[in-house]
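Data block below; observations after.
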Amino acid sequence: MSKPKMISVVLQDGAETELKGILGPWLRSNEFASAYVNCLAIEPNGPYFLMKLQVPDTMLEMEVQIPHPYVKGTLCAADLRKLGFGE
């Protein structure tokens, strides 16, 4: 069985400050991206960019929608930790 793919949404510079209230527990940074969020799934089509997230320390999932201009790009791989986008 193959590993499920991990998805990281890289945010535009400055988006971290504006979205800290909603994305605080999920916001991460590394040497490549000033802010990113690891997601279970995304839906970029539609009026907002939808991200499916797991609530920390639970099995609960939730959805967050942000305006498209906050998104710089997405990365998807079997193991993003090897690329520096880990938890």
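The values are calculated or read from the model by the stated rules, or taken from the named source; none is laboratory data. Everything numeric here is computed off the predicted structure, so don't read it as measured data. Here the Cβ positions follow ideal geometry from the backbone for every residue, glycine too, while neighbour counts run over all protein chains shown. Please note that ligands, DNA and RNA were not included when accessible areas were found on the heavy atoms of the full protein model with its side chains. Shrake-Rupley method; radii C 1.70, N 1.55, O 1.52, S 1.80 Å.
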Notebook entry, point to check: Yes or no: Leu40 of a type in the set (A, V, I, L, M, F, W, C), modelled with pLDDT of 90 or more and open to solvent by 20 Å² or more (accessible area, probe 1.4 Å)?
Noted result: yes
How many residues of segment 10-27 are among the acidic types (Asp, Glu) and under 11 Å from Asn38 (Cα atoms)? The answer is 0
Conditions (1) aromatic (Phe, Trp, Tyr); (2) open to solvent by 60 Å² or more (accessible area, probe 1.4 Å); (3) modelled with pLDDT under 95 -> Tyr48 fails only (3)
Within segment 3-16, residues closer than 15 Å to Lys72 by Cα and either of a type outside the set (Asp, Glu) or touching a Pro at 6+ places or on another chain (Cβ under 6 Å) (or both) come out as Ile7, Ser8, Val9, Val10, Leu11, Gln12, Gly14, Ala15
Subset of segment 1-25, residues open to solvent by less than 60 Å² (accessible area, probe 1.4 Å), out of contact with any helix residue (DSSP H, G or I) (no Cβ under 9 Å at 6 or more places or on another chain) and over 14 Å from Val71 (Cβ atoms), comes to Gly24
*Report yes if some residue within segment 57-80 is within 14 Å of Leu27 (Cα to Cα), surrounded by 14 or more Cβ atoms within 10 Å (Cβ to Cβ) and of a type in the set (D, E, K, R); otherwise report no.*
no
